[in-house]
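J.: Right, I'll just put the structure down here and ask away after.
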Amino acid sequence: MLLQRVMFLPLFTQWNRQTTKNLVPRFPAVRLTGFRSNSSVPDVKERTLIAVKPDGVQRRLVGQIIRRFEQRGFKLVGLKMLQVSEELLSQHYCQLTQKPFYPSLVEYMTSGPVVVMVWEGQNVVQSSRAMVGPTNPAAAPAGTVRGDFSLHVSRNVVHASDSLEGAQREIQLWFQGKELVKWGCWDQTLTCEE
């Protein structure tokens, strides 16, 4: 019970080695280091948009997809579920509106709810694209989201921004600024190079 209280202490008070020694004398302070409230790690500003499409939501894959991004060390800063409007889709897929498959894409994307997320981290756009895999699941390697879960190119489970510029544009379309949460992630000092 005492150990549980100590592990949550960094969330509520200033943390330092002396406090650790006083509270838990039989556990070396080294075991509980890694949390620094005033980190020297630079703020990571790169963000990307990931959307679990209606087939992924219907197949209850949202949790598994979130888990992959969390395990990779990315920080979730925005999350919501919505029924997408045709207007939002026309802005999101503006470069595809003249394609012959666009009407079926809109029909598919409005067929059920979508879970849309903003993830933050170093090289998050490029890394996310690699994690998601190619659009065509037949070309997506095992271990990628599409390689493991997609059934057909028209039902490829997830969307990932393709560039920094694209990510910024898409995030502004799907989220208002106040919907994105700025929070300190204690493990950034362990997973990011200074």
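J.: At what distance in nm do the modelled label points of residue 60 and residue 153 sit from each other, each positioned 7 Å from its Cα along Cα→Cβ?
T.: Distance between the two pseudo-spin positions: 3.1 nm.
J.: If one computes the Cα centroid of region 153-168 and of region 107-148, what distance in Å separates the two points?
T.: Value for the Cα centre distance between the two parts: 6 Å.
J.: What residues have an amide H closer than 5 Å to that of residue 111, excluding those fewer than 5 places away on the same chain, when H is modeled at 1.01 Å from N in the peptide plane?
T.: none
J.: Let me ask something else. Please work out how much length the chain gains when fully extended from residue 70 to residue 83, using 0.36 nm per residue of separation minus the C-alpha to C-alpha distance, in nm with one decimal.
T.: Additional length available on full extension: 2.2 nm.
J.: Sequence gap of 8 or more, or different chains, plus Cα separation below 22 Å: how many lysine pairs satisfy both in region 72-194?
T.: For region 72-194, the number of qualifying lysine pairs is 4.
J.: Here is a follow-up. At q = 0.20, 0.21, 0.27 Å⁻¹, what base-10 log of I(q)/I(0) does the Debye formula yield for region 126-170 when every alpha carbon is treated as an equal point scatterer in vacuo?
T.: Debye output, listed in q order: -0.57, -0.62, -0.87.
J.: Another question, if that's okay. Tell me the label-point distance for the pair residue 97, residue 180, using the 7 Å Cα-to-Cβ offset, in nm and rounded to one decimal.
T.: 2.4
J.: Let me ask something else. Quick one: accessible area per residue over region 94-164, 1.4 Å probe, rounded to a whole number of Å²?
T.: The answer is 48 Å² per residue.
J.: Which order, highest average first, do 150-159, 176-185 follow once you tally other Cβ atoms within 10 Å for each residue and take the mean per peptide?
T.: Numbers: 150-159: 18.1, 176-185: 10.8.
Result, highest mean Cβ count within 10 Å first: 150-159, 176-185.
J.: If you stretched the chain out fully between residue 162 and residue 111, how much longer would it get, using 0.36 nm times the residue separation minus the C-alpha to C-alpha distance?
T.: The span from residue 162 to residue 111 would gain 16.0 nm if fully extended.
J.: Quick check: residue separation of residue 135 and residue 123 times 0.36 nm, minus the Cα distance between them. What number comes out in nm?
T.: The residue 135-residue 123 span can extend by a further 2.3 nm.
The values are calculated or read from the model by the stated rules, or taken from the named source; none is laboratory data. Bear in mind that the values here come from a model prediction, so they are computed numbers and not experimental data. Virtual Cβ from ideal backbone geometry, glycine too; neighbours counted across all protein chains shown. Ligands, DNA and RNA are stripped out before the accessible areas are found, and what is left, the full protein with its side chains, is counted by its heavy atoms. Shrake-Rupley method; radii C 1.70, N 1.55, O 1.52, S 1.80 Å.
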